[in-house]
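Step one of this worksheet: look at the structure below.
The values are calculated or read from the model by the stated rules, or taken from the named source; none is laboratory data. Everything numeric here is computed off the predicted structure, so don't read it as measured data. As a convention, Cβ positions derive from the backbone with ideal geometry for all residues, glycine included, and neighbour counts pool all protein chains shown.
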């Protein structure tokens, strides 16, 4: 897990094929009889300003969203517009926003969810 977090926050080189463990996701997904969650962690990829309404809807619905903004790095103006949009939604819902992984990802949270800026352990 440490290598995964290091690769996200930029502490070490990207993980190699040998660093991954095969998971049987069928045991985690689609279990019958489960109650719906009150909050979900969603993953989104934003390549343009037109992709932000979907992200904003998720945050307004009370979900945490991890946004891949790596495609925006090539267009500084679009990058700034999208980040402004995401900052506004975090502010609107009294949530939080933080950049991760050398600013390739942004984490946006809904109301009552704040992101600690302190790292745990020896990360």
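Here are the numbers for the structure shown:
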read-out: Subset of segment 101-118 that is in contact with a strand residue (DSSP E or B) (Cβ under 8 Å, 6 or more places away or on another chain) and free of Cβ contacts under 8 Å to residues at least 24 places away in the same chain - its residue that is surrounded by the most Cβ atoms within 10 Å (Cβ to Cβ); value: 115
read-out: Residues located in segment 63-91, provided they are surrounded by fewer than 19 Cβ atoms within 10 Å (Cβ to Cβ) and touching a helix residue (DSSP H, G or I) at 6+ places or on another chain (Cβ under 8 Å); value: 73, 78, 79, 81, 85
read-out: Some residue of segment 60-68 being modelled with pLDDT of 90 or more and over 19 Å from residue 93 (Cβ atoms); value: yes
read-out: Members of segment 65-78 found to be over 21 Å from residue 109 (Cβ atoms) and part of a strand (DSSP E or B), listed by number; value: none
read-out: Qualifying positions in segment 79-100 - touching a residue at least 24 places away in the same chain (Cβ under 8 Å), more than 12 Å from the chain's Cα centre (by Cα) and outside any helix (DSSP H, G or I); value: 93, 95
read-out: Residue match in segment 101-119 (condition: at pLDDT 95 or above, out of contact with any helix residue (DSSP H, G or I) (no Cβ under 8 Å at 6 or more places or on another chain) and in a loop (DSSP other than H, G, I, E, B)); value: no
